[in-house]
Amino acid sequence: TELFLNPFILWESFEDENSRDSVTFTADKHYPANTSIIVKSNNNNFPFNYVLPIEMSEGDTIRVKDPVQSRLFLGIEDALYMTKEALDFTNEPEWFTIADKDNSGFEGTTQCIACSDNANNLYVGTQEGKLYRISNLALAYNFERADVSISTCIVSNSLVKEFTDRAITSVAFDPQDDNHLVVTLGNYGNEDYVYMTNNALDSIPDFVCIQGNLPFMPVYSSLIEMENSDLIIIGTEDGIYTTDAIDGNSTVWVKDGADMDDVPVFMLKQQTLNKATMKVLNPDGVTYTYYPGVKNYGYIYAATYGRGLFQSKDFVGINDNDN
């Protein structure tokens, strides 16, 4: 099957504790031990702070762990790929096959992908109704550990749920809890379109239908608000619905997004990554380069069919960091 759009997701971190990458810092002058310096990442040359553990003289070099990391995941029919170098514009990205039909039993046409907060787990839904969990990705940092075609690969792949004759349209992790997950389904003529689990990382997760009073219609997208795990937002055939009172099939959904009208909402995303603007002194010792920080922390974006892209600032300023 040829996909009109191949699903993909970009995960980023400014402070990845699992990073195995490093960059070289060359001293341009004398630096005492415990000096805080600026080092440039291989990922888009982004700067980060580092405290020197030793004294350095001009011309000395030191290898520094690169905490600025990214992972790009791309799904096709019967396979899923990952690269760590999507934002390293000095190299052609190296791709790893992290799931496929021949080596790990991954079968179906990828429809949606969700990534856990630390990029260790993926949930992948297919057009054929199969829901897969791909794990151990945080330390799958090279070909030997990440590519399922060789015996040293540490990536695991599990079929955790099947929704017969249904397309899985979206999966959403809770940014605060990797075990909390929402799954939505498409197709017409059914009575269950939204499921949730609170043990998504168990060997056999329990999925509970939370359809409640939601009209019987396809649900295309989902999101768990980053500061409120009880607040679930979904994009349906008839616009946006929300709930903050999950109670199985007694869940009460409320129509939301009044300015959007009754249009299908195919994607929901929230900006959950925050970073202040960085001011870096240039080599001339006089001028500065400013690296822009995140200006839309907490914004929620909704992509519609026919009415463009909408944003909501309703959740901005709740327990956020000062820029």
With bins of 5 Å, the percent of all Cα-Cα pairs of region 1-80 per bin from 0 is 3, 13, 20, 16, 12, 10, 7, 6, 5, 4, 3, 1, 0
Ratio for region 58-186, C-alpha Rg to 2.2 N^0.38 Å, reads 1.16
The Rg/Rh figure for region 34-86, Cα atoms and Kirkwood Rh, to two decimals is 1.21
Any chymotrypsin sites (Phe, Trp or Tyr not before Pro) in region 174-226 that lie in a DSSP loop and have at most 12 other Cβ atoms within 10 Å would be Tyr188, Phe216
With every protein chain in place, the accessible area of Cys115 for a 1.4 Å probe, in Å² rounded to the nearest 10, comes to 30
For the chain, dividing by residue count, accessible area per residue (probe 1.4 Å) in Å² works out to 50
Sorted by chain and then number, the residues having a modelled amide H within less than 5 Å of the amide H of Lys161, at least 5 places away or on another chain, are Leu131
Given unit charges at Cβ for Lys, Arg (+) and Asp, Glu (-), the dipole magnitude of region 1-101 about its Cα centre in debye, nearest 20, is 240
Rg from C-alpha atoms of region 104-174, normalised by the globular rule of thumb 2.2 N^0.38 Å, equals 1.13
Rounded to the nearest 10 Å², the 1.4 Å probe accessible area of Asp102 is 140
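Treat every Asp and Glu Cβ in region 80-171 as -1 and every Lys and Arg Cβ as +1, leave all other atoms uncharged, and give the resulting dipole magnitude about the Cα centre to the nearest 20 debye.
Working: 7 positive and 13 negative charges, 76 e Å.
Dipole about the Cα centre, nearest 20: 360 debye.
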What helix-only [θ] at 222 nm does the chain give? Using -39500 (n - 2.57) per DSSP H run of at least 4, over all residues, to the nearest 500, the answer is -500 deg cm²/dmol
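Can you run the Rg to Rh ratio on the chain? Use alpha carbon positions and the Kirkwood inverse-distance Rh. Present the calculation step by step, with values, prior to reporting the outcome.
Numbers: Rg = 22.0 Å, Rh = 21.5 Å.
Computed over Cα atoms, the ratio is 1.02.
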HN-Hα couplings for region 238-244 via Karplus (6.51, -1.76, 1.60; θ = phi - 60°), in whole Hz with x for Gly/Pro, come out as 10, x, 9, 10, 9, 8, 10
Expressed in angstrom and rounded, the centroid-to-centroid distance over alpha carbons for region 244-305 and region 64-136 is 22
With the charge dipole of the chain built from beta-carbon charges (+1 for Lys and Arg, -1 for Asp and Glu) about the Cα centre, the Cα from Ile9, Tyr297, Thr287 projecting farthest to the positive end belongs to Thr287
Going residue by residue through region 280-286, the Karplus relation 6.51 cos²θ - 1.76 cosθ + 1.60 with θ = phi - 60° gives ³J(HN,Hα) values, rounded to whole Hz and with x marking Gly or Pro, of 10, 5, 6, x, 6, x, 10
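The values are calculated or read from the model by the stated rules, or taken from the named source; none is laboratory data. Since the structure is predicted, the reported quantities are computational estimates derived from the model, not experimental observations. Here the Cβ is made from the backbone with ideal geometry for all residues, glycine too, and neighbour counts use every protein chain on show. Heavy atoms of the whole protein, side chains included, go into the accessibility calculation; ligands, DNA and RNA do not. Shrake-Rupley method; radii C 1.70, N 1.55, O 1.52, S 1.80 Å.
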